[in-house]
Amino acid sequence: METMPKVLLVEDIDDNARLLERVLSARGYEVMRAADGETGLQMAIDNRPDILLLDLGLPDIDGQTVASQLRRLPELASTPIIIVTAWPEDVARKMVEVYGCNGYISKPINVAKFADQIASFLR
């Protein structure tokens, strides 16, 4: 049986995290969640997710730091990192570029399209 992709969600706001988890779980994704950057880094190393969804505004270290640290790890260097942010589009695009991420999705997410957006980054 095909295993569903493992998603690591690094998001500190419970309501946001629950919404993303619900949408992805309903589509069969295995979702793990970290509420801060340090935990997210450790979970990424320990669990080797297929994709990482990263908020930029985290309570300890920011998402940019998390992304740049992940990109330095050979075993995670090619894992897609998607920024999920309410930041303005031009800032989000710049962050994607500067920190070696694969793309971004604006908050609030479009619930109807979100799982397909994630799937497109996994192809």
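All of the numbers you see were taken from the coordinates with simple rules; none came from a lab. From a predicted model like this one, the values you see are computed outputs, not experimental measurements. Because the Cβ atoms are built from the backbone with ideal geometry, glycine has one as well, and the counts that use them run over all protein chains shown.
Run the Debye formula on the Cα coordinates of the chain, all scatterers equal and no solvent, and tell me log10 I(q)/I(0) at q = 0.16 1/Å.
Log10 of I(q)/I(0), two decimals: -0.68.
Which value in deg cm²/dmol, rounded to the nearest 500, describes the helix-derived mean residue ellipticity at 222 nm for the chain, given -39,500 (n - 2.57) per DSSP H run of n ≥ 4 and division by the residue count?
Helices in the chain give a 222 nm mean residue ellipticity of -13500 deg cm²/dmol.
So what is the relative contact order of the chain, in percent, for Cα pairs below 8 Å that sit 6 or more residues apart?
Normalised by residue count, the contact order of the chain is 23 percent.
Show which aspartates and glutamates lie in cross-link reach of Lys94 when reach means a straight Cα distance below 17 angstrom and same-chain residues fewer than eight apart are skipped.
Once the sequence-local aspartates and glutamates are set aside, what remains near Lys94 is Asp55, Asp62.
Given 0.36 nm per residue, what is the gain on full extension from Asn47 to Glu30 after removing their alpha carbon distance, in nm?
Answer, rounded to one decimal: 5.0 nm.
Using alpha carbon centroids, what distance separates segment 62-99 and segment 33-57, in Å?
Here the answer is 11 Å between Cα centres.
Considering the zone a paramagnetic label at Lys6 would reach in this model (a point 7 Å from Cα along the Cα-to-Cβ line), which residues of segment 78-101 have amide N under 19 Å from it?
78-82
Name all residues of segment 67-88 having a backbone nitrogen under 13 Å from the label point set 7 Å from the Cα of Lys107 along its Cα→Cβ direction, giving them as ranges.
83-88
Taking segment 48-114, which trypsin sites (Lys or Arg not before Pro) meet the DSSP loop condition and have no more than 16 other C-beta atoms within 10 Å?
Here the sparse-neighbourhood loop sites are Arg72.
Between Asp14 and Asp62, how high is the FRET efficiency from 1/(1 + (r/R0)^6) when r is the Cβ-Cβ distance and R₀ = 22 Å? Nearest 0.05.
0.70
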